[in-house]
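> First the structure, then my questions, so here it is.
The values are calculated or read from the model by the stated rules, or taken from the named source; none is laboratory data. Because the structure is predicted, anything quoted here is derived from the model rather than measured. We place every Cβ from the backbone using ideal geometry, glycine too, and count neighbours over all the protein chains shown. Quick note on the areas: whole protein, heavy atoms, side chains included, nothing else; ligands and nucleic acids left out. Shrake-Rupley method; radii C 1.70, N 1.55, O 1.52, S 1.80 Å.
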Amino acid sequence: MNYQQIKELLGKENEDLFSHVCQKVPRDTLHLPSPDFIDNIFSGSNRNQQTLRNLQQIFNHGRLAGSGYLSILPVDQGIEHSAGASFAKNPIYFDPENILRLAVEGGCNAVASTFGVLAAVARKYAHHIPFIVKLNHNELLTYPNKFDQVFFGTVRDAWNMGAAAVGATIYFGSPESDRQITEVARAFDEAHSLGMATVLWCYLRNNAFVKDGKDYHVAADLTGQANHLGVTIQADIVKQKLPELNGGYKALNIGSSHYGKLDEKMYTDLSTDHPVDLCRYQVLNGYSGRAPLINSGGASDGDKDFKEALRTAVINKRAGGSGMISGRKAFQRPLAEGIQLLNGIQDVYLEKLITVA
């Protein structure tokens, strides 16, 4: 898709996404995606040569190779959302090979999935596309359902599989988050020592974050802090939901409640209610862009998927983010349509007329 086609698909209601200029946090204060991002940013870090090589491998694969941007296919929903619920719309994805086919034919930089999925086809595909092995998951078979991330394998298992990176989720804000932070920090340390990169799903999870009909799981201030905690345990890449509102700390500090810490300048000097500014606050919390931010594609919503996916990509790119990690919108439709959706996302990052705001 070219620039005009992308603008037409998003419609007049999204025209300001293309013209907005971020004035609260100017672009020249950030470390922005570029073809030499690994050389400029990561080579000065404590990451060893093997980790740098694997990061470079991920950034140099697929249709976005050499651009500084990432398009990753994540298919861990067979555990996270149950296999039946995830694959009933398109049962070919019960077979792991079709997940890999979608990632390869869709021109992705990497594929992120479970130990089982990637192990089933490792010898056939590990040299064709970088693997990101997801270490932990929330299983939905315990009754009543609980929401916790537990390890399904070891870092060494992922390394033996030929993985370029490991991934993990932390439910920041949950009662189990302290344990999860400790477990994932240790796993990431081992992964780095073995030369693998690390990707962290920096998600929020607490029933109290839904207040007065508003879902602050997608608030810029709370998700930004989750990103900041994620890069503190040395995540190389952070995955986050696109922010939809702000003021999570304020909403949770009403009456006798004392939650977290806030400064009014977070809202007045560092952001606005504009979608690009909200996402930029997430980028800012990833060490001013030193840790690439990839936003998730979210659930599939049928005919709205293409528009929503491209809208997210435009917001992420213009905010200074580094790409998208979109799964359900791609695999819950026929293979050819999934490839088309992934390519549409990639076209946003390849389009030179769509610039950082």
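> In the set 355, 312, which member is polar (S, T, N, Q) and surrounded by fewer than 19 Cβ atoms within 10 Å (Cβ to Cβ)?
355
> Of the residues in the range 122-140, how many are open to solvent by 10 Å² or more (accessible area, probe 1.4 Å) and under 30 Å from residue 179 (Cβ atoms)?
3
> Where the second residue is of a type in the set (Asp, Glu) and the first is touching a residue at least 24 places away in the same chain (Cβ under 8 Å) and lies in the range 20-45, which pairs have Cβ atoms under 8 Å and are six or more apart or on separate chains?
Close Cβ pairs (under 8 Å, with a partner that is of a type in the set (Asp, Glu)) amount to 20/277; 22/277; 24/269; 24/277; 25/277; 42/236.
> Then there's this: Scanning for something closer than 15 Å to residue 260 by Cβ and among the charged types (D, E, K, R), does the range 179-192 turn up at least one residue?
No, the conditions are met nowhere in the range 179-192.
> Further question: Provide a single number: the residues in the range 67-85 that are modelled with pLDDT under 95 and among the hydroxyl-bearing types (Ser, Thr, Tyr).
Going through the range 67-85 one residue at a time, the tally reaches 1.
> Does residue 128 fit the bill of being without any contact (Cβ under 8 Å) to a residue 60 or more places away in the chain and not in a helix (DSSP H, G or I)?
Considered against the rule, which asks whether it is without any contact (Cβ under 8 Å) to a residue 60 or more places away in the chain and not in a helix (DSSP H, G or I), residue 128 comes out as yes.
> Take the residues of the range 221-250 that are small (Gly, Ala, Ser) and touching a Phe, Trp or Tyr at 6+ places or on another chain (Cβ under 6 Å): which is nearest to residue 318 (Cα to Cα)?
If we take residues in the range 221-250 being small (Gly, Ala, Ser) and touching a Phe, Trp or Tyr at 6+ places or on another chain (Cβ under 6 Å), then 224 is nearest to residue 318 (Cα to Cα).
> Continuing with this model, one more query. Give just the number: which of (1) of a type outside the set (A, V, I, L, M, F, W, C); (2) within 21 Å of the chain's Cα centre (by Cα); (3) open to solvent by 50 Å² or more (accessible area, probe 1.4 Å) does residue 16 not satisfy?
It is condition (2) that residue 16 fails.
So that you can scan it fast, the table gives a plain yes or no per residue for (1) of a type outside the set (Lys, Arg); (2) open to solvent by less than 40 Å² (accessible area, probe 1.4 Å); (3) over 23 Å from residue 131 (Cα atoms); (4) free of Cβ contacts under 8 Å to residues at least 24 places away in the same chain:
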site: 185; (1), (2), (3), (4): yes, yes, no, no
site: 207; (1), (2), (3), (4): yes, no, yes, yes
site: 236; (1), (2), (3), (4): yes, yes, no, no
site: 245; (1), (2), (3), (4): yes, yes, yes, no
site: 251; (1), (2), (3), (4): yes, yes, yes, no
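> Name the residues in the range 194-234 that are small (Gly, Ala, Ser), in a strand (DSSP E or B) and within 20 Å of residue 246 (Cα to Cα), would you?
219
> Next up: Condition first: part of a loop (DSSP other than H, G, I, E, B), of a type outside the set (Gly, Ala, Ser) and open to solvent by less than 50 Å² (accessible area, probe 1.4 Å). Now tell me which residues in the range 254-274 satisfy that.
Within the range 254-274, 272, 274 qualify.
> Specify which of the listed residues (302, 298, 327) is surrounded by 23 or more Cβ atoms within 10 Å (Cβ to Cβ) and not aromatic (Phe, Trp, Tyr).
Unique residue meeting the criteria: 327.
> Additional query: Since residue 197 meets every condition but one in (1) free of Cβ contacts under 8 Å to residues at least 24 places away in the same chain; (2) in contact with an Asp or Glu (Cβ under 7 Å, 6 or more places away or on another chain), which condition does it not meet?
(1)
Here is a yes/no grid of residues against (1) polar (S, T, N, Q); (2) at pLDDT below 95; (3) under 30 Å from residue 164 (Cβ atoms); (4) more than 18 Å from the chain's Cα centre (by Cα):
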site: 199; (1), (2), (3), (4): no, no, yes, no
site: 206; (1), (2), (3), (4): yes, no, no, yes
site: 225; (1), (2), (3), (4): yes, no, yes, no
site: 234; (1), (2), (3), (4): yes, no, yes, no
site: 238; (1), (2), (3), (4): no, no, yes, no
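> Okay, moving on. Give me the residue from the range 68-95 that is within 19 Å of residue 105 (Cβ to Cβ) and of a type in the set (S, T, N, Q) and, out of that set, most open to solvent (accessible area, probe 1.4 Å).
90
> Right, another one. Scan the range 4-18 and report the pairs whose first residue is under 14 Å from residue 353 (Cα atoms) and at pLDDT 95 or above and whose second residue is outside any helix (DSSP H, G or I) and open to solvent by 90 Å² or more (accessible area, probe 1.4 Å), with Cβ atoms within less than 6 Å and a gap of 6+ or a chain change.
Correct list of pairs: empty, since none qualify.
> May I ask you to list the residues in the range 302-351 that are closer than 20 Å to residue 279 by Cβ and of a type in the set (Asp, Glu)?
305, 308, 347, 351
> Just checking, how many residues over the range 334-357 are in a loop (DSSP other than H, G, I, E, B), more than 13 Å from residue 316 (Cβ to Cβ) and of a type in the set (A, V, I, L, M)?
Number satisfying all stated conditions: 1.
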